[in-house]
Amino acid sequence: MSVTQQQVLESLGKVMSPRGVALSKADVLSAITVNDGKVFFSISVDAAEARAWESVRAEAEAAVRAIPGVTVAMIALTAERKAGAAAPPPHRHSHGVPPVSTHRPPQPPGSGSPMSKQSEIPGIAAVIAVASGKGGVGKSTTALNLALGLRDLGLRVGLLDADIYGPSVPRLTGIHQKPVLNDDKKMVPIVRFGLAIMSIGFLVEEDTAMIWRGPMVMSAITQMLRDVAWGTLDVLVVDMPPGTGDAQLTLAQNVPLKGAIIISTPQDLSLIDARRGLAMFKKVNVPVLGIVENMSYFQCPHCGTKSDIFGHGGARHEAERLGVPFLGEIPLHMSIRATSDSGTPVVESEPDGPHAAIYRAIGAKVRDQLQGVIAAA
Ligand code: ADP
């Protein structure tokens, strides 16, 4: 039985809004997307009213989930501050989706970490971001292999594919099943290669063009972070959307990150992008755990000869110049690409090979920096 928009609207007709009319008539709904039993939409209100709407969002979600045939309901509460209006008081969220301000200015360093205002995710010792200044530098490939490297060091590891514009984790892991909901209505991550994995790509088809408005990005990611039964993890690796725009900045501000790793290729252009990434995390007081140079040098799959086709070493120098750790160099190698594209990443498929060793070494440097946090948890 396929779910229709009309059914969704009817269910929302039974949810009362703080405006005294049914939610379906309150003039706050975005377009409703219904795709194969999965329902997505946002409720957009003024930031000053946001708190009053939090319970409405939860009620709306429950109402939509109760429609027969609905498998996933993702409803974002987005809060836009009117020009000149005062900021709503900060408050903690123990559950649900925090309202997202599209106009929150970045906090200057030293003004108190915005991280401290966020609730930690129960059971997860450290959430870390893997980011890049632009797409196509191998961020997702590195995030997954790094997660496996951390696993090999004996840590309990999860991977959240927050690259909602182009989720590639389903392809990289070969996961094609959908997560189920547990009794608490939380999504159960898919466990593959010993990692707890969640991706927006599990919920929508990979080739479905997804157009996310800025605030929806954050809400969708917050739900994937908080409405998922992650269990107990030492590290949750978040594969960020590429780039350093508003969506990424908001994410860096709102996810309780213990650190960030920047992936860059050696080319100058990519390094400029990486510098922007560094600046972004500095702005929101998230420690940069280091830079990884991916596709650092070309390694011939036949003879093993190394060639520095991209002028290898740029990221190392850049890291030294900026005073952040340099975590390692990953060669451009056929087997990294082939294993990724076939759904069994190289650390899993060639655990004794040279590439797995490189990812594990990077993992060890990351673990060492997080040791205190993990031990404390
Ligand atoms: P991003 O997440 O930055 O967009 P991906 O991880 O999807 O990048 O990688 C882009 C492409 O480059 C993929 O086909 C991937 O297999 C390939 N790739 C990534 N890193 C390497 C590497 N070190 N050697 C060879 N191919 C790589």
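The values are calculated or read from the model by the stated rules, or taken from the named source; none is laboratory data. Values in this document were obtained by computation on a predicted structure and should not be read as measured data. Virtual Cβ from ideal backbone geometry, glycine too; neighbours counted across all protein chains shown.
Taking the criterion of being away from the ligand (no atom under 13 Å from the Cβ) and either closer than 20 Å to GLY290 by Cβ or of a type in the set (Gly, Ala, Ser) (or both), the residues of the stretch 322-348 that qualify are LEU322, GLY323, VAL324, PRO325, PHE326, LEU327.
Report whether or not ALA274 is under 13 Å from GLY133 (Cβ atoms), surrounded by 15 or more Cβ atoms within 10 Å (Cβ to Cβ) and away from the ligand (no atom under 11 Å from the Cβ). Yes, satisfied. Taking the conditions (1) closer than 25 Å to GLN253 by Cβ; (2) in contact with a strand residue (DSSP E or B) (Cβ under 8 Å, 6 or more places away or on another chain) in turn, GLY323 satisfies each one other than (2). Given the conditions (1) modelled with pLDDT of 85 or more; (2) surrounded by fewer than 20 Cβ atoms within 10 Å (Cβ to Cβ), which single one is not true for GLY110? Among (1) modelled with pLDDT of 85 or more; (2) surrounded by fewer than 20 Cβ atoms within 10 Å (Cβ to Cβ), the lone unmet condition for GLY110 is (1).
A count restricted to the stretch 289-310 and to residues that are more than 16 Å from the ligand (Cβ to nearest atom), under 31 Å from the mean Cα position of the chain (by Cα) and surrounded by fewer than 22 Cβ atoms within 10 Å (Cβ to Cβ) stands at 1.
Taking every residue in the stretch 130-144 that is under 16 Å from PRO266 (Cβ atoms) and near the ligand (Cβ under 6 Å from one of its atoms) and pairing it with any residue that is at pLDDT below 90 and part of a loop (DSSP other than H, G, I, E, B), at least 6 positions away or on another chain, the pairs with Cβ-Cβ distances below 7 Å are SER132/PRO242; VAL137/THR265; LYS139/PRO242. Out of PRO90, PRO18, PRO98, one residue alone is at pLDDT below 80, over 22 Å from the mean Cα position of the chain (by Cα) and in a loop (DSSP other than H, G, I, E, B). It is PRO90.
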